[in-house]
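Have a look at the structure below before the remarks.
The values are calculated or read from the model by the stated rules, or taken from the named source; none is laboratory data. Values in this document were obtained by computation on a predicted structure and should not be read as measured data. Cβ sites come from the backbone with ideal geometry, for glycine too, and all protein chains shown count toward neighbours. Note: accessible area is taken over every heavy atom of the protein model, side chains too, but ligands, DNA and RNA are not part of it. Shrake-Rupley method; radii C 1.70, N 1.55, O 1.52, S 1.80 Å.
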Amino acid sequence: MTTTFEGFDVDAIRFLLELRANNDRAWFQSRKAEYERLLKEPLEALCMVLGERFAERKIPLRADARSPFRIYRDIRFSKDKSPYKTHVSASFGWAGEGSPKGRTAEVHGVGGYFHFQPDEEYVGGGMWQPERPRLEAWRALVSREPARVHKVIDAPAFKKAFGAVDGGRLQRAPAGFPADHPEAELLKLKDVTFGRQLTTDEVLSPRLPDVLADAFATATPLMRLLAELPS
């Protein structure tokens with residue numbers, strides 16, 4: 001049976017705002033069916049349809065029933081004991097050469113990401129919190145082959161869609177590189193990410209799978225470059 005995505009209902013935004021103000025188990029459990037109808041089921045449908053778009057357009061990302069993140073927060077080591085996230089999101093792991101093994105590797109490896117939260121809706125991805133060997137491989141590539149890196153991150157389509165690559169940064173160039181290195185800003189990166197804000201109209205539209213697929217297609221050269229890094 002073909003999965004369809006009809007768009008998130010505007011009431012999904014209302015639900016998330018109300019959850020923000022009533023983040024407790026009693027409130028949520030009495031409205032769990034509403035959460036599933038407005039957010040969980042549409043997000044699952046979005047991921048399944050997006051998987052079809054990836055296959056049709058040969059975008060080497062994985063989107064399926066495993067893509068959505070759970071609404072429940074891990075509060076074991078957090079001072080904030082609020083039990084629920086006030087957003088929904090999904091990750092789309094790299095499925096081409098250099099694909100990571102396992103869910104943890106996928107989340108902290110290379111891939112795409114969708115985030116739906118009132119006033120904070122966006123699509124992005126890249127390499128988030130990579131293991132040290134992959135991060136060191138990125139820095140070696142930047143130092144050794146800067147032209148190869150810039151060909152990807154300065155491509156007109158990429159710059160128009162996302163601007164500059166971003167991520168957490170060191171305050172100074174990492175050990176082994178001079179402070180005045182010409183690529184110091186890229187070397188300082190602890191993550192290598194891209195992204196753009198989505199409009200509410202885009203998020204609520206049945207065309208959201210195409211909007212996300214367009215973004216990930218534009219970012220595929222960067223994700224491929226990152227996936228090829230030895231880890």
Practice problem: Being aromatic (Phe, Trp, Tyr) and touching a Lys or Arg at 6+ places or on another chain (Cβ under 8 Å) is the filter; apply it to the stretch 7-60 and report the residue that is surrounded by the fewest Cβ atoms within 10 Å (Cβ to Cβ). | Solution: Phe15
Exercise. Just one of (1) in a loop (DSSP other than H, G, I, E, B); (2) within 30 Å of Phe5 (Cβ to Cβ); (3) touching a helix residue (DSSP H, G or I) at 6+ places or on another chain (Cβ under 7 Å); (4) of a type outside the set (Ser, Thr, Tyr) trips up His181, so point out which.
Key: (2)
Practice problem: Please enumerate the residues belonging to the stretch 184-208 that are part of a loop (DSSP other than H, G, I, E, B), open to solvent by 80 Å² or more (accessible area, probe 1.4 Å) and over 30 Å from Met48 (Cβ atoms). | Solution: Lys190
Practice problem: For residues that are of a type in the set (A, V, I, L, M, F, W, C) and either on the phi > 0 side of the Ramachandran plot or without any contact (Cβ under 8 Å) to a residue 12 or more places away in the chain (or both), tally how many sit in the stretch 124-154. | Solution: 2
Quiz prompt | From Thr4, Thr86, residue being open to solvent by 70 Å² or more (accessible area, probe 1.4 Å) and either under 19 Å from Val203 (Cβ atoms) or among the aliphatic types (A, V, I, L, M) (or both) | solution = Thr4
Quiz item: What about Gln129, is it over 26 Å from Ser67 (Cβ atoms) and outside any helix (DSSP H, G or I)?
Solution: no
Quiz item: List the pairs whose first member sits in the stretch 161-189 and is closer than 20 Å to Pro221 by Cα, whose second member is open to solvent by less than 80 Å² (accessible area, probe 1.4 Å) and among the aromatic types (Phe, Trp, Tyr), and whose Cβ atoms are under 7 Å apart, counting only residues at least 6 apart or on separate chains?
Solution: Phe162/Phe194; Val165/Phe194; Leu187/Phe177
Quiz item: Of everything in the stretch 75-124 that's among the acidic types (Asp, Glu) and modelled with pLDDT under 85, which residue is farthest from the chain's Cα centre (by Cα)?
Solution: Glu97
Quiz item: Does Asp166 fit the bill of being farther than 23 Å from Ser231 by Cβ, at pLDDT 95 or above and of a type in the set (D, E, K, R)?
Solution: no
